Amino acid sequence: MPKKLTYAETGVDRELRAKSKIALKILEQTYKFSAYGEVLQLPYGNILPIDKNRYLDLAIEGVGTKVLLAQLADKYDTIGIDGVAMVVNDVIRSGAKPLAIADNIHAHRSDSFLIKEWMKGIAKAATEIQCVVAGGEIGDVAEIIKGLKKGEGFDMIVSCVGEVSKDHIIFGNDIKPKDVVIGLRSSGLHSNGITLAKRVLFKEWGGIFDPHDIAEGLDRELIYEVLEPTKIYAKSLQKVAKQHNVKGAVHITGDAYLKFGKFTKFSKGIGFRFNNFKPQPIFELIQKTAESFGGITNKEMLKTFNMGWGFAIVVDRQEQDDILDSLEKSEIKAEVIGEATSTKKTVAIYEGKTLVLR
């Protein structure tokens, strides 16, 4: 029987990445240079004080191998949305409001058409959340960046700075058993797990389909389904956080539902159980198609992909109905997808089976 496919076997080894991140502790020696007080460490990053009552959240993110799909489709006007969405969704986890964005694009060459298309996506996303694009840089590095097509290779990195007042920080340190997890609907794959998805789906990387095939369960060409831009949750979260106590916020990207384990270091003695997954057809297609290569387990899917929920918040059970009403008014589909537990583990119930993710 062929060996099951995993994210690691397609090039992204999460265990190796976790070990390598130990080296980031070296950077903690720089925290002493904070001019206005202690750097606050939160579950998914740090925020920097700029006076007694305000903090800056500075993050940087990339689009990863989704840039290869843009090249495969010869479509470049949405990839900038992904770049902005990935970093903005990271910044808002602390409760911060995005203030400014900057991009850094390494390209095989500065092609005027490509640059215009990239900027269309960045501008569209920034306009949606009313955030300034304060600057950026495009470097020509042909020796480093090749890409699928000659002259069209690129890598997109976007940074964002946000501001949050001291009394609106989402610390993630007061989560209790029975608190509920509300999932905010994703638009599809977003920008994580792409390395595994493209390996299974596209002939270009040894998969099954041509880019413009309309696969079973889809109502458009496959390449456009996987290129669907990442949803941005800034406005919805800000609205909820102003009126309710958001105890934790999670951008469900790399490591997917394993990310909730970060809270266990800040809220002691808790774990999480998830029991509501509504994956879009693209996720079902990936798993079904993977059967030709040995298959992908349910557990691996839940550790790699967002499975229908791109962002999540942890709130008191008594507030869930009001919060769901608020999200519905902001035109975000949201549902309760799980709860905090006292098991100290991250568990998912998927297709009737209980899976311990960690």
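Taken together, the values in this text are just the output of simple stated rules run on the coordinates, not laboratory data. The model shown is predicted, which means the values in this text are computed figures rather than measured ones. Reconstructed Cβ throughout: ideal geometry from the backbone, glycine too, with neighbour counts over all protein chains shown.
Brief remarks follow.
- Helical content of the chain, expressed as a calculated mean residue ellipticity at 222 nm, amounts to -7500 deg cm²/dmol (DSSP H runs of 4 or more residues, -39,500 (n - 2.57) each, divided by residue number, nearest 500).
- With loop membership from DSSP and a limit of 12 other Cβ atoms within 10 Å, the longest segment of the chain without GluC sites (Glu not before Pro) is 217-330.
- Distance from the stretch 275-303 to the stretch 223-270 (C-alpha centre basis), Å: 21
- Ordered from longest to shortest, the equivalent ellipsoid semi-axes for the stretch 34-168 are 32, 14, 12 Å, each the square root of 5 times a Cα gyration tensor eigenvalue.
- DSSP-defined antiparallel bridges as percent of all bridges, the stretch 34-168, nearest 5: 75
- Inter-part distance where the stretch 124-201 and the stretch 51-87 are each reduced to a Cα centre, Å: 4
- When the alpha-carbon atoms of the stretch 246-358 are used, the pair Rg, Dmax equals 14.7, 46 angstrom.
- When each of LYS303, LYS235 is scored by the number of other beta-carbon atoms lying within 10 Å, the sequence from fewest to most is LYS235, LYS303.
- Projected-area mean, the chain, by convex hull of Cα positions, square nanometres: 18.4
- Each residue of the stretch 74-87 is assigned a 3J(HN,Hα), and the resulting list reads 6, 9, 10, 8, 10, 5, x, 4, 4, x, 5, 4, 4, 7 Hz, derived from the Karplus form 6.51 cos²θ - 1.76 cosθ + 1.60 (θ = phi - 60°), x at Gly and Pro.
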